[in-house]
Every structure is written in structure tokens, then in C-alpha cells.
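Worksheet: one structure, shown below.
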């Protein structure tokens, strides 16, 4: 069975974006960019990959990406309708009424049911790209967390999970500290 993996950047205080939804508030790390390019190349948007010399890099961990409307909007703002062209792409949205790109499927129904269906397929993992609302909806389906914690405090913004209170246990697997203070931590879901 495939896994749903929430791979996300956040502040020390657990926010993934500013109150305006801007996720570009974190300091760039050349060391982490090199690490991601080698270890998780598929998590880099298609338009960024040529700049890093990895436009033809094979998917290592994921072949499918699921994102919320806010995450997709950040690509649309720069006129990109297929941000992860190297993977199957799903956008969960009730407000997008028509498909904007043939490579991007719009899911307006039950996201949990769709993820359960995707998990039954053969293939690599499923990358949950964001945002906090969708992560809250899919919390019980998340098998792994890959958390990039940046050494900044935002104070408010989009939380990593927007959901009703419920304790969900994960086990620490590993962490690594990078040159700019970013701590990359991996967790497995306790089942």
C-alpha cells in the first residue's frame, strides 16, 4: 500500500505560511536545496527544476501530489497551471469549477475517500503538498511527516494542521540540521 506523506515547511511556532498565505517567508539554504535536489527532487516544482539542473531527475519517493486550493493558487499567481508536471496532480477545491490544465485533476468531493483510493494503487508515495486545511482533513490518512522547521517565528498565519482537536501519535525517525538552522525531521505514524 502506498503512503501519504505530508512534506512541509513550517516556522518554529508551527505555521506554514504568513497570515496572507505567503509560504516564501523562510530563509533559503544552499545545503538543503542540494539535499532536496538529490533526495526529494520530485518535491521541487517543475519550473524550478531546470534552474537546479535536475529537470530530468527521476521521482524517488512520490509519483502523485495532492494539494489544497491555496497551495495551487500560489502557482496560478505566477501563471503556472501544472506546478508538478512530473507527477500526477490533484487539487482539492470546492471553488474551482473547471479544470484549468489537463494534467491537474480537480477534486471537489471527499478528499479522504480519494486518498484511500490512491493508496490502494501501485506506485510510489503520495506527496501531500499543503495546505493546513487539507492536512487537517487528511490527518488520519497521513502515514509520515517530513517537517522542515525553519528558525523563524511567524506569530500567526496558516497552521500546519487546521482541524478539530484530536491527538494523533507519530514516532520520531530522524533529524538533520542544515547550514541555515533548518531542522529536517521525519516521523512515522504510530498505528
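Being in contact with a helix residue (DSSP H, G or I) (Cβ under 6 Å, 6 or more places away or on another chain) and in contact (Cβ under 8 Å) with a residue 60 or more places away in the chain is a condition met by no residue of the range 90-97. Applying the condition of being touching a residue at least 60 places away in the same chain (Cβ under 8 Å) and surrounded by fewer than 16 Cβ atoms within 10 Å (Cβ to Cβ) to the range 98-121 and asking which residue is farthest from residue 143 (Cα to Cα) yields 121. Of the strands (runs of 3 or more DSSP E) lying entirely inside the range 1-99, those containing at least 3 residues that are under 26 Å from residue 177 (Cβ atoms) and in contact with a strand residue (DSSP E or B) (Cβ under 7 Å, 6 or more places away or on another chain) span 4-10, 15-17. Among the conditions (1) surrounded by 17 or more Cβ atoms within 10 Å (Cβ to Cβ); (2) touching a residue at least 60 places away in the same chain (Cβ under 8 Å); (3) under 21 Å from residue 16 (Cα atoms), the only one that residue 125 does not satisfy is (3). For residue 186, state whether it is modelled with pLDDT of 95 or more and either part of a loop (DSSP other than H, G, I, E, B) or over 20 Å from residue 84 (Cβ atoms) (or both). When the stated conditions are applied, residue 186 passes them.
The values are calculated or read from the model by the stated rules, or taken from the named source; none is laboratory data. Here the structure is a predicted model, which is why all the values come from computation and not from measurement. Virtual Cβ from ideal backbone geometry, glycine too; neighbours counted across all protein chains shown.
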